[in-house]
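This report refers to the structure that appears directly beneath it.
The values are calculated or read from the model by the stated rules, or taken from the named source; none is laboratory data. Just so it is clear, the model here is predicted, and its values are computed rather than measured. Positions of Cβ are backbone-derived with ideal geometry, glycine not excepted, and every protein chain shown enters the neighbour counts. For the accessible areas, the whole protein counts, side chains as well, though only heavy atoms, and no ligand, DNA or RNA atoms are used. Shrake-Rupley method; radii C 1.70, N 1.55, O 1.52, S 1.80 Å.
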Amino acid sequence: MKTMRGLLRYVDREAAIWVAALVVLALGNPNSDFHFTIFWPYYVWGIKSPGYGLGHSISYLFRGDVISAIETHILGIPAVAIILWRVITLEMRLFKSIRSS
């Protein structure tokens, strides 16, 4: 138990959440018809949110199907790049603060 706490010292919580979200999208089936959304106009009037298809796009990207990723949502590739950049910067900041203390 003590070693687990020691290891958790080196993991930023926000970074862990982002990585978990990417893992879920990587393991998900992009061909499924299920679309989870909390965008209420979709349920009332059928209006799709601006991010509609982003998760499917990221799932296609992790499978190496870049064409389908772009066709599903144009911002899927930049979203993955931004999320990975955020994870790296969070972990770098954590390591610098641990090293300086």
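Some observations on this one:
- Residue satisfying condition, being under 14 Å from the mean Cα position of the chain (by Cα) and either open to solvent by less than 50 Å² (accessible area, probe 1.4 Å) or among the hydrophobic types (A, V, I, L, M, F, W, C) (or both), within set Trp40, Trp18, Trp45: Trp18
- Flag: Leu94 matches the condition of being open to solvent by less than 70 Å² (accessible area, probe 1.4 Å) and in contact (Cβ under 8 Å) with a residue 24 or more places away in the chain.
Residues are listed down the side, and each one gets a yes or a no for (1) among the β-branched types (Val, Ile, Thr); (2) out of contact with any Ser or Thr (no Cβ under 9 Å at 6 or more places or on another chain); (3) at pLDDT 95 or above:
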{"residue": "Tyr10", "(1), (2), (3)": "no, yes, no"}
{"residue": "Val23", "(1), (2), (3)": "yes, yes, yes"}
{"residue": "Asn29", "(1), (2), (3)": "no, no, no"}
{"residue": "Arg63", "(1), (2), (3)": "no, yes, yes"}
{"residue": "Ala81", "(1), (2), (3)": "no, yes, yes"}
{"residue": "Leu84", "(1), (2), (3)": "no, yes, yes"}
{"residue": "Met92", "(1), (2), (3)": "no, yes, no"}
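- Tallying residues that are in contact (Cβ under 8 Å) with a residue 24 or more places away in the chain, hydroxyl-bearing (Ser, Thr, Tyr) and open to solvent by 30 Å² or more (accessible area, probe 1.4 Å) within the stretch 52-79 yields 2.
- Condition check for Val24: among the aliphatic types (A, V, I, L, M), surrounded by 10 or more Cβ atoms within 10 Å (Cβ to Cβ) and free of Cβ contacts under 8 Å to residues at least 40 places away in the same chain: yes
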